[in-house]
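Asks: Below is one structure. I have some questions about it.
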Amino acid sequence: MATGMPECSPALLVAAGLAVLAICSYLAAIVVGRGAARYPPVAGTVFHQVYHLRRLHDYYTDLFREHATFRLLAPGRRQIYTSDTAVVEYILRTNFANYGKGASNYDKTSDLFGDGIFTADGDKWRQHRKIASYDFSARALRDFSGGVFNRDAAKLAHIVSGNAAAKQPMDFQDLLMKATMDSIFTIAVGVDLDTLSGSEEGSRFAAALDDASEFTLLRFVNAFWKVSRFLNVGAEAALRRRIEVVDEFMYKRIRARAEEISDGDIGKAHDTVSM
């Protein structure tokens with residue numbers, strides 16, 4: 001029987017439902033916020049982040065022009081963003097112990113970063129920080145790290161100069177990323193990825209790590225990422241494949257490094273750097 005009513009696809013109904021949920025959450029927060037002046041103003045919802053995904057940093061910048069500190073609403077929680085230097089100092093220095101990364105951050109990032117310094121809190125974080133600090137001591141920077149950065153900067157300058165002389169186009173951001181990746185990886189792990197020179201294995205690892213980082217970031221703006229992970233579809237399926245590449249590469253290096261140490265050749269990694 002014809003009713004004269006247009007049919008709506010399930011996808012359209014879901015989108016409409018999410019839009020209504022976002023609007024209701026936004027309006028509810030505004031009403032509640034009027035009676036709680038101690039909270040930062042609400043500037044949007046997690047769904048606004050999804051909408052502005054391809055210009056996310058520009059979106060945040062626009063919001064910071066209006067509010068030094070603001071909230072974005074997400075299902076069951078709130079995200080607070082700040083560019084206020086006094087607030088940043090309070091969080092990172094004055095009362096640092098009160099501002100851990102938390103379970104939500106760990107849940108989103110641990111698939112890629114495990115229990116490392118980027119995910120850990122408390123005593124485990126302090127242990128990681130102490131270990132990492134040796135790579136950035138004044139002596140390490142002077143005797144080793146500085147040489148690595150100088151080497152890769154010279155390699156980058158040679159590539160840019162050659163492309164410029166040949167009037168060849170180049171992706172400068174990609175070159176900077178490769179130079180940074182080569183330097184940091186040599187300092188932290190003792191292995192030169194050599195992505196600037198086009199190493200196939202190193203480039204494959206670097207690309208997988210870059211993609212995995214992007215897919216991990218998407219979890220912070222996608223309220224339904226756990227559903228995608230459970231179904232192993234979309235960005236979550238791609239993330240799982242990239243992590244497999246990263247893990248394979250890293251565990252291979254860890255095993256090789258363990259063998260070097262067991263053989264007493266603990267200085268071999270530093271020999272890869274030409275000073």
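The values are calculated or read from the model by the stated rules, or taken from the named source; none is laboratory data. Being a predicted model, the structure only gives us computed values, none of them experimental. Cβ placement follows ideal geometry from the backbone for every residue including glycine, while neighbour counts extend to all protein chains displayed. Accessible surface areas use protein heavy atoms only, side chains included; no ligands, DNA or RNA. Shrake-Rupley method; radii C 1.70, N 1.55, O 1.52, S 1.80 Å.
Asks: Filter segment 36-68 down to residues that are buried (at least 16 other Cβ atoms within 10 Å of the Cβ) and either of a type in the set (Ser, Thr, Tyr) or part of a loop (DSSP other than H, G, I, E, B) (or both), then give me how many there are.
Replies: Summing the residues that are buried (at least 16 other Cβ atoms within 10 Å of the Cβ) and either of a type in the set (Ser, Thr, Tyr) or part of a loop (DSSP other than H, G, I, E, B) (or both) in segment 36-68 gives 6.
Asks: For residues that are part of a helix (DSSP H, G or I) and open to solvent by 90 Å² or more (accessible area, probe 1.4 Å), scanning just segment 134-167, find the one that is farthest from THR186 (Cα to Cα).
Replies: This residue is HIS158.
Asks: Take the residues of segment 248-275 that are farther than 19 Å from SER183 by Cα and either in contact with a Cys (Cβ under 8 Å, 6 or more places away or on another chain) or in a loop (DSSP other than H, G, I, E, B) (or both): which is modelled with the highest pLDDT?
Replies: For segment 248-275, the residue satisfying everything is ASP263.
Asks: A further question follows. I'm checking my understanding of the structure. Among residues of segment 69-85 that are free of Cβ contacts under 8 Å to residues at least 24 places away in the same chain and out of contact with any strand residue (DSSP E or B) (no Cβ under 9 Å at 6 or more places or on another chain), which one is surrounded by the fewest Cβ atoms within 10 Å (Cβ to Cβ)?
Replies: Among those that are free of Cβ contacts under 8 Å to residues at least 24 places away in the same chain and out of contact with any strand residue (DSSP E or B) (no Cβ under 9 Å at 6 or more places or on another chain), it is GLY76.
Asks: Here is a further query. Regarding segment 217-230, can at least one residue be identified that is at positive phi, without any contact (Cβ under 8 Å) to a residue 60 or more places away in the chain and among the basic types (Lys, Arg)?
Replies: no
Asks: Among the listed residues ILE80, ILE131, identify the single one that is within 30 Å of TYR59 (Cβ to Cβ) and either assigned by the TED database to the domain that holds VAL42 or assigned to a helix (DSSP H, G or I) (or both).
Replies: Exactly one of ILE80, ILE131 is within 30 Å of TYR59 (Cβ to Cβ) and either assigned by the TED database to the domain that holds VAL42 or assigned to a helix (DSSP H, G or I) (or both), namely ILE80.
Asks: Of a type outside the set (Asp, Glu), assigned to a helix (DSSP H, G or I), touching a residue at least 40 places away in the same chain (Cβ under 8 Å) and not assigned by the TED database to the domain that holds PHE224, is that true of LEU112?
Replies: Considered against the rule, which asks whether it is of a type outside the set (Asp, Glu), assigned to a helix (DSSP H, G or I), touching a residue at least 40 places away in the same chain (Cβ under 8 Å) and not assigned by the TED database to the domain that holds PHE224, LEU112 comes out as yes.
Asks: Hey, another quick one. Residue check, MET170 against (1) under 21 Å from the mean Cα position of the chain (by Cα); (2) closer than 19 Å to ASP210 by Cβ; (3) open to solvent by 40 Å² or more (accessible area, probe 1.4 Å), all met but one. Which one?
Replies: For MET170, the failing item is (1).
Asks: If PHE220 passes every condition in (1) in the same structural domain as ARG242 (by the TED database); (2) over 18 Å from the mean Cα position of the chain (by Cα) but one, which one does it miss?
Replies: Only one criterion in (1) in the same structural domain as ARG242 (by the TED database); (2) over 18 Å from the mean Cα position of the chain (by Cα) is unmet by PHE220, namely (2).
Asks: A further question on this structure: Just to be sure, is GLU244 within 16 Å of ASP111 (Cβ to Cβ) and open to solvent by 60 Å² or more (accessible area, probe 1.4 Å)?
Replies: It is true that GLU244 is within 16 Å of ASP111 (Cβ to Cβ) and open to solvent by 60 Å² or more (accessible area, probe 1.4 Å).
Asks: Here is a follow-up. Condition first: open to solvent by less than 40 Å² (accessible area, probe 1.4 Å) and either over 20 Å from the mean Cα position of the chain (by Cα) or among the hydroxyl-bearing types (Ser, Thr, Tyr) (or both). Now tell me which residues in segment 173-190 satisfy that.
Replies: Within segment 173-190, SER183, THR186, GLY190 meet the criteria.
Asks: Determine whether SER110 is in contact with a strand residue (DSSP E or B) (Cβ under 9 Å, 6 or more places away or on another chain) and either more than 24 Å from ARG241 (Cβ to Cβ) or hydroxyl-bearing (Ser, Thr, Tyr) (or both).
Replies: no
Asks: Right, here's the next one. Please work out which residue is nearest to TRP225 (Cα to Cα), limiting yourself to segment 106-133 and to residues that are open to solvent by less than 60 Å² (accessible area, probe 1.4 Å) and β-branched (Val, Ile, Thr).
Replies: Across segment 106-133, the extreme among qualifying residues is THR109.
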